[in-house]
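The values are calculated or read from the model by the stated rules, or taken from the named source; none is laboratory data. Source: prediction; values computed, not measured. All Cβ positions, even for glycine, are placed from backbone atoms using ideal geometry, and neighbour counts span all protein chains on display. These accessible areas exclude ligands, DNA and RNA; they are computed on the full protein's heavy atoms, side chains included. Shrake-Rupley method; radii C 1.70, N 1.55, O 1.52, S 1.80 Å.
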Protein chains: 2
Amino acid sequence: MESSTLVPALRNVATRLRIDSIRSTSEAGSGHPTSCCSAAEIVATLFFAEMRFDPQDPHHVDNDRFVLSKGHAAPLLYAAWAAAGAFDRAKLLELRQLGSDLEGHPTPRLSFVDVATGSLGQGICAAVGMALNARRIESTARTYVLLGDGECAEGAVWEAAQAGVYHRLDNLCAVIDVNRFGQSRATRWAHDLEALARSWQGFGWHTIIVDGHDVSALLEAYRVAKQTEDRPTMVLARTLKGKGVSFLEDRDGWHGKPLKHGEQLAQALGELEAQLVEGAPEPPPPLAPMAPGRRPATVPQAIAAPAYRLGESVATREAYGRVLAALGSADPRVVALDADVKNSTFSEHFERAHPDRFYQMFIAEQVMVGAAMGLASLGAIPFPSSFACFLSRAYDFIRMAGISNLNVKLTGSHAGVSIGEDGPSQMALEDLAMMRAVPNCTVLYPCDAVSTEHLVVRAAYHPGPAYIRTTRPKTPVIYDAHDEFHIGGSRVLRQSDRDVATVVAAGVTVFEALKAYDELAQEGIHVRIIDAYSIQPIDAATLLVAARQTGGGFVTVEDHYANGGLGDAVAAAVGEEGVRVHRLAVREIPRSGRPDELLERFGISARHVVDAVTRLARPAVAAEPDAVPR
Amino acid sequence: MESSTLVPALRNVATRLRIDSIRSTSEAGSGHPTSCCSAAEIVATLFFAEMRFDPQDPHHVDNDRFVLSKGHAAPLLYAAWAAAGAFDRAKLLELRQLGSDLEGHPTPRLSFVDVATGSLGQGICAAVGMALNARRIESTARTYVLLGDGECAEGAVWEAAQAGVYHRLDNLCAVIDVNRFGQSRATRWAHDLEALARSWQGFGWHTIIVDGHDVSALLEAYRVAKQTEDRPTMVLARTLKGKGVSFLEDRDGWHGKPLKHGEQLAQALGELEAQLVEGAPEPPPPLAPMAPGRRPATVPQAIAAPAYRLGESVATREAYGRVLAALGSADPRVVALDADVKNSTFSEHFERAHPDRFYQMFIAEQVMVGAAMGLASLGAIPFPSSFACFLSRAYDFIRMAGISNLNVKLTGSHAGVSIGEDGPSQMALEDLAMMRAVPNCTVLYPCDAVSTEHLVVRAAYHPGPAYIRTTRPKTPVIYDAHDEFHIGGSRVLRQSDRDVATVVAAGVTVFEALKAYDELAQEGIHVRIIDAYSIQPIDAATLLVAARQTGGGFVTVEDHYANGGLGDAVAAAVGEEGVRVHRLAVREIPRSGRPDELLERFGISARHVVDAVTRLARPAVAAEPDAVPR
């Protein structure tokens, strides 16, 4: 289409997107119409003159991607996909209703949403991952991401800024809708786009400042972005919040407020309808995606059984690194992301084997997880890993990965006080709580190298987010290479028909439980020992059998704080049966020391297990009154 | 002291700091000597020629502050304080031992550490808070913070960069030890200090590039920083990792590795000792802190009782804002921090009353919490608040606030599915799990305006971190202004001597429990209703009494995911007594809808409470076999 007809066509699209956004939010009685109005030309030009995609097949991997990082402008996104023909425009009026997938903020319940947004600063991190994925599958698809200006306060945005430049993502084009207002006040930059551009330039981005309501200027910016090599482009678009409606335009105090039915809504719609250019054509349909390039095969190969000898000492974190490299050889969808600790998590094994699928994010856990979300949304199986404690830095991303049910396989090393001398800042003691709270997140905690290998493979092919907890010190191999491990499973390590209690452990405490078993056995006390390597889902069936067979007394022991971890998982599984659960866990802020000293000091060593079992098995005799010898 | 004698004096200090760092880490058998060596001149010049402080009184509020944001260089910090006379240098050899407070990374167990560091990117956020605190108490104390170059990948650093400029913190001087190596490889910038400086300049910082081993150049940089007005200064110091030891200097692969006793250690110490300038004087003792300015009184005034009428509808988030403003009037130590949601959390009430103690951090939750940590470490009582779900963005900071046991009083609004149409990205459903996992964090969840007011005041004056969960919808006032609420308490709302079960609720579900009570009572079923407004610590005594008196069946109901919240807290309190706890909670990813629809759909409405109690109170009769009529 000629520019002379395309421009009015796109203007009309933008106006109709405004009308739809205002109408749907008024119908819903909530939402963010003014945040939609500012970005209408940005979205209209992207959808109808820039992006190549098939509206009938939003999952097509060669579609250009659009990520609405400013997720509260969801009505605008929905209106654009409806205008592109993905669904019936009439459905827009079901916005925010329980029966509709057109939620307040976008989620992948909608086929055209790859990752849920609505927590600001995350969309651009996911976009980094999508751009990396296009490179992985050798697709020419480009990734576009729309941010708000207020969103640029988030540190995650600047992690993405660094990752985009480091990885030379010239297939990534971001746009900021600089409408100068946040939720409660003007942003730090207001309309000083040069100042905001300096921040992006400072990190090495190519920046272009445009009038965000000038359709031609936007098209030219996208064109220049596409020609820019070796670095991503940031289009800073000067816009007016509430653009197009006289009483909303560039006014503070209208964030997140729908127009009232009646005069207010009628006036707004009237003003907008008057802006429609009569006789302008419809824009052309979106360009079809580019023909795919060569695709790596996606049929995973078999993975060899673990090659460890019983009794050999191997850290689970090292077994993780080894099996991850093997997984990468067996399946080209497997990728790894690091935050400059690859020699601690042992993801360096993967890097050595598959350097092109190993993404270094430096010490930036948010973009590490965020990029993994983007990669996962397009078919990769990403393993981002760091010290487990530092995954807490990315908890909001993990929360959103749960909402999107993405195949992100997190691994956290250096869990618990067993790391020793580095001290509490490096010890993950709340990670199980954090991960278990995400209802669809699988949580695995292997104790030896063999179970680690099996469980990493299980996690890779189990749908949805997963977390694997690994340990710093070496631990003995106790399983045979052909033993079976599965999500929701456990291993009963010791049992007899004389068991008087059940000890449930995982990770390093399995070995404390086994030591305790030996000590107790010498005293003639027999207990069942269960390795609960699958913390979520937990093996309730095996626990309940143990409860019935061992008299009901449970001791749990974990290298984790008392709340939210293994003890709570076991109690939730057996508590409704009235089973008593005595929890051994870390109950105060720990400190530096040797691993063995710390297990002892913080109440989770074999001795503490022995004591707890002894108390359970032999209820304390009431203190006798002073014996008076007469 | 004349420059001609000061410079060799400081060089000798730096050399001795290297010697102490290497010796102590070798003795410990772990630690980061090379990360200490690169920063020795930076620390030597700050401690002995720039900072004004009393080494015998590290808590003096008018001391200049030093924050080691690169916390793994702890041995250097300890050596500097020992050199300043804060403690006996011989103790340095106890580094990382269980009996010593000289931990692997600094914690406030040491009098000269204000905030624990070791999670990179946090120290500079705390430093922002310390600089704000100096302004609050009208002190001329300056804040110095030392970062690593690898650390600059963290988004939190760039949140601090923005906050420092927005708040015009010319009393803040940061230094980056640009030794070009991270843990596992070179940093993104390596030794291109100009590139790194451009990022800081892009955000508006004054930058100075120096040779970080040139004592005179460092002193001049600090002098210029002190004269810089209206913005903070970043000194980018070009250094060599392992500086001073030939086989360590500027070599990759030595991160976090101590020297082995024997030849390796002897050679390093020999080389360093040879660098000591013979005959150079000792440096002068640190300059005394500046005389304090006018200080606000710190005796808190009484706070008026809540002024709500029974039955009135008030959102707990609004009651939070009102009482926070009143607290601010009663106590000048109370400050508030916002992430551009003050009109949702209602902290805008505080801003209106106390604009000089209200710190806008824009949409940057990490620096909001991090700055609160710095403020709290120096005697302020900070209330950072945002949507509860977005506090997950700052979980690593909250974890570290727990390690430091800081008086940070977090408030999260918009908890749970009860927010309604905005959808899952805006609903906090894992916040209780997240906060309960921090062992010394108080967790409060009031259901009405009166209990909110009381509990906010209780939280303010309870030592250590606290979290207050507030709700979006209005709820009826059910308490009298003079009712008592305390940390670790609860309120029994309904009871009789015929109770057949106990329902434990908190926040919005209290009203569902009360509705259920009425319905059950009509059927002649009496239950005890407990408002567990103190989730951590929970009122175990009251729960155990209820367990004994109501037959042992418990139903918990919470607007939170099933793991880590109220149900787990109750089960942990009564589970060891063999009490059965049936948990009603949100068990899947929710979606947009009306609040009442969502409570119903996700299993936490009055109807679900009625059903659960009914099942508990009237055990299901075994299904009868088909009645055969003969």
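Below is a table of values for the structure above.
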read-out	value
Check on A:Ser313, open to solvent by 10 Å² or more (accessible area, probe 1.4 Å) and either touching a helix residue (DSSP H, G or I) at 6+ places or on another chain (Cβ under 8 Å) or without any contact (Cβ under 8 Å) to a residue 12 or more places away in the chain (or both)	no
Count of residues meeting criterion [within 10 Å of chain A (Cβ to nearest Cβ) and among the aromatic types (Phe, Trp, Tyr)] in the range B:367-388	1
Selection from the range B:132-190 of residues that are closer than 23 Å to B:Leu337 by Cβ, surrounded by 24 or more Cβ atoms within 10 Å (Cβ to Cβ) and β-branched (Val, Ile, Thr)	B:Thr143, B:Val145, B:Val157
Scope the range B:437-473; condition open to solvent by 10 Å² or more (accessible area, probe 1.4 Å) and either over 24 Å from B:Pro300 (Cβ atoms) or part of a loop (DSSP other than H, G, I, E, B) (or both); matching residues	B:Pro439, B:Asn440, B:Tyr461, B:His462, B:Pro463, B:Arg472, B:Pro473
Among residues of the range B:601-630, those that are among the basic types (Lys, Arg), farther than 16 Å from B:Val510 by Cα and either part of a loop (DSSP other than H, G, I, E, B) or modelled with pLDDT of 95 or more (or both), counted	3
The lone exception for A:Val61 - which of (1) modelled with pLDDT under 95; (2) more than 27 Å from the chain's Cα centre (by Cα) it fails	(2)
Number of positions in the range B:436-469 that are in contact with a Lys or Arg (Cβ under 8 Å, 6 or more places away or on another chain), more than 14 Å from chain A (Cβ to nearest Cβ) and free of Cβ contacts under 8 Å to residues at least 40 places away in the same chain	0
Residue pairs meeting the criteria (Cβ under 8 Å; at least 6 apart or on separate chains; first facing chain B (nearest Cβ under 9 Å) and over 17 Å from A:Leu147 (Cα atoms), in the range A:191-202; second open to solvent by less than 40 Å² (accessible area, probe 1.4 Å) and part of a helix (DSSP H, G or I))	A:Gly202/B:Ser199; A:Gly202/B:Trp200; A:Gly202/B:Gly202
Enumeration of residues in the range B:389-435 that are in contact with a Phe, Trp or Tyr (Cβ under 9 Å, 6 or more places away or on another chain), part of a helix (DSSP H, G or I) and within 7 Å of chain A (Cβ to nearest Cβ)	B:Ser392, B:Arg393, B:Tyr395, B:Asp396, B:Gln426, B:Ala433, B:Met434
Search result, residues across the range A:316-337 that are out of contact with any Gly (no Cβ under 8 Å at 6 or more places or on another chain) and open to solvent by 10 Å² or more (accessible area, probe 1.4 Å)	A:Arg317, A:Glu318, A:Arg322, A:Ala325, A:Ala326, A:Ser329, A:Pro332
Conditions (1) open to solvent by 10 Å² or more (accessible area, probe 1.4 Å); (2) within 24 Å of B:Ile398 (Cβ to Cβ); (3) in a loop (DSSP other than H, G, I, E, B); number of the one not met by B:Asp340	(1)
Selection count where residues are over 8 Å from the mean Cα position of the chain (by Cα) and either among the hydroxyl-bearing types (Ser, Thr, Tyr) or within 23 Å of A:Arg65 (Cβ to Cβ) (or both), scope the range A:366-393	18
Residues satisfying the stated conditions in the range B:557-591, i.e. more than 9 Å from chain A (Cβ to nearest Cβ) and open to solvent by 20 Å² or more (accessible area, probe 1.4 Å)	B:Ala573
Residue match in the range A:392-411 (condition: more than 30 Å from A:Arg135 (Cα to Cα) and open to solvent by less than 10 Å² (accessible area, probe 1.4 Å))	no
Residue count, the range A:154-172 (criterion: facing chain B (nearest Cβ under 8 Å) and within 18 Å of the chain's Cα centre (by Cα))	6
Residue within the range A:116-134 that is assigned to a helix (DSSP H, G or I), more than 17 Å from the chain's Cα centre (by Cα), more than 21 Å from A:Glu220 (Cα to Cα) and within 14 Å of another protein chain (Cβ to nearest Cβ) present	no
Test: residue in the range B:155-163 that is over 19 Å from B:Phe66 (Cα atoms) and in a loop (DSSP other than H, G, I, E, B)	no
Which listed residue, of B:Ala74, B:Ala80, is farther than 22 Å from B:Gly182 by Cα, aliphatic (A, V, I, L, M) and in contact (Cβ under 8 Å) with a residue 40 or more places away in the chain	B:Ala80
Set A:Leu272, A:Leu287, A:Leu265: member being open to solvent by 20 Å² or more (accessible area, probe 1.4 Å) and in contact (Cβ under 8 Å) with a residue 60 or more places away in the chain	A:Leu287
In the range A:300-332, the residues that are part of a helix (DSSP H, G or I) and charged (D, E, K, R)	A:Arg317, A:Glu318, A:Arg322
Some residue of the range B:346-361 being touching an Asp or Glu at 6+ places or on another chain (Cβ under 6 Å), in a helix (DSSP H, G or I) and of a type outside the set (Lys, Arg)	no
Test: residue in the range B:474-492 that is buried (at least 24 other Cβ atoms within 10 Å of the Cβ) and not in a strand (DSSP E or B)	yes
Failed item in (1) more than 14 Å from every other protein chain (Cβ to nearest Cβ); (2) over 26 Å from A:Arg309 (Cβ atoms); (3) surrounded by 22 or more Cβ atoms within 10 Å (Cβ to Cβ); (4) over 27 Å from the mean Cα position of the chain (by Cα), with A:Gln549 passing the rest	(3)
Criterion: closer than 29 Å to B:Val128 by Cβ and either within 13 Å of another protein chain (Cβ to nearest Cβ) or modelled with pLDDT of 95 or more (or both) - qualifying residue of B:Ala315, B:Ala288, B:Ala297, B:Ala364	B:Ala364
Odd one out for A:Glu151 among (1) more than 25 Å from A:Tyr395 (Cβ to Cβ); (2) within 14 Å of chain B (Cβ to nearest Cβ)	(1)
Search result, residues across the range A:27-78 that are charged (D, E, K, R) and in contact with a Lys or Arg (Cβ under 7 Å, 6 or more places away or on another chain)	A:Asp64
Unique match (being of a type outside the set (Gly, Ala, Ser), more than 11 Å from every other protein chain (Cβ to nearest Cβ) and in contact (Cβ under 8 Å) with a residue 40 or more places away in the chain) among A:Ile208, A:Ile176	A:Ile176
Check on B:Gly31, without any contact (Cβ under 8 Å) to a residue 12 or more places away in the chain and either of a type in the set (Gly, Ala, Ser) or part of a loop (DSSP other than H, G, I, E, B) (or both)	no
